[in-house]
Amino acid sequence: MIQVTNRSQAPTPKPVRVLVAEDSPLNQQVALKQLEKLGYQADGVDDGTGVLEAVKRTAYDIILMDCQMPELNGYEATWQIREREKTAAASEDSPPRRIYIIAMTANTRADNRQKCLEAGMDDFINKPVELPELEAAVHRGLADRASQKALEDVIDPVVIAGLRQLRMPGRPDPLAELIDLFLQEAPEQVQLLEPAVSQNDHTSLARTFSAASRLKGSASNLGARILAALCDEIEQTARNWSLADIPPLIDRVRHELARVREALEKIKGHDPGT
């Protein structure tokens, strides 16, 4: 006879690193145990200075940030993290992932939530933290990370960070203007490719090369790496007088341009500098 024993199994740890910043030892332990219950590995610190030291050592995906902490509060710690991320994005070849920061606040007033967003936080949950609310907030953070990864597969974040650095006080956002200009001109360049290929003569060769070259330059300036590479392939094909091989490439350009448009619209709508 086989005896079956019912055991309460701990959830399998998920590959996500979470940091809890909470100055109350009791509240911090509650949050850590809630995260453990949900299957997330988490560390705890008790002030903003501890947060800044922790993110230097560990690549955290999510931070649960108490807004009111001694020495360095959650607002200031978040602002410093965002400044570090912007500096790193502008200077490194592969910028770090943007940490998803969830404010933990007992103040539910609208102006306090706005203060959280202005400091650079992404989300907020009420204290005392309830397990379902915490789980939902963490899921939103993971969805945001997945969305960011999808954007980076289409648009080089280093290029975008560099363009953001061109902003001048009191002047329109240059990145938004450049995105609008690209989205206006790029479809026109694709349209120029089609009749040029169908004519199949020396004039059409020159037009194909010119349109592909112009679109490649524009795509490169906005970090659309795959689109730029496709345009370069069209250039090389036209240089070899293989116009019959270009229509399939144009189809791929059209598909990639749609992905680029969607990514740039999202980037334009989400400005971490505001």
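The values are calculated or read from the model by the stated rules, or taken from the named source; none is laboratory data. Keep in mind it's a predicted model, so treat the numbers as computed, not measured. Counting neighbours? That spans all protein chains shown, and the Cβs are built from the backbone with ideal geometry, glycine included. Surface areas here come from the heavy atoms of the whole protein model, side chains and all, with no ligands, DNA or RNA. Shrake-Rupley method; radii C 1.70, N 1.55, O 1.52, S 1.80 Å.
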Worksheet item: Any idea what Rg and Dmax come out to for segment 25-184 if you just take the C-alpha atoms, in Å?
Response: 17.1, 56
Practice prompt. Using DSSP to define loop residues, name the GluC sites (Glu not before Pro) in segment 134-235 whose beta-carbon has at most 11 other beta-carbon atoms within 10 Å.
Written response: none
Discussion item. Once you keep just the Cα pairs under 8 angstrom separated by 6 or more residues, what percentage relative contact order results for segment 17-154?
Written reply: 20 percent
Worksheet item: Considering the alpha-carbon set of the chain alone, what are its Rg and its Dmax in angstrom?
Response: 24.5, 87
Worksheet item: Expressed as a whole percentage, what fraction of the accessible surface of the chain belongs to carbon and sulfur atoms when a 1.4 Å probe is rolled over the protein heavy atoms?
Response: 51 percent
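Which residues make up the longest stretch of the chain that has no trypsin sites (Lys or Arg not before Pro) in a DSSP loop with at most 11 other Cβ atoms within 10 Å? Display every interim value, and only then the final one.
Numbers: sites that count: R7, R109.
In the chain, the maximal stretch lacking such sites is 110-274.
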Response to the item:
Scaled by the rule-of-thumb 2.2 N^0.38 Å, the alpha carbon Rg for segment 163-270 gives a ratio of 1.16
Worksheet entry | Rounded Å value of the spacing that divides the Cα centres of segment 216-233 and segment 9-81 | 40 Å
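From Cα pairs below 8 angstrom and at least 6 apart in sequence, can you work out the relative contact order of segment 163-270, rounded to a whole percent?
On the way: 103 pairs, mean separation 26.7, N = 108.
RCO, segment 163-270: 25 percent.
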Practice prompt. Just need the relative contact order of the chain here, percent rounded to a whole number, with Cα pairs under 8 Å and 6+ apart.
Written response: 12 percent
Worksheet item: Which of V129, V20, V51 moves most in a GNM of the chain, Cα contacts under 10 Å?
Response: V129
Practice prompt. Determine by what factor the alpha-carbon radius of gyration of segment 29-82 differs from 2.2 N^0.38 Å, reporting the quotient.
Written response: 1.12
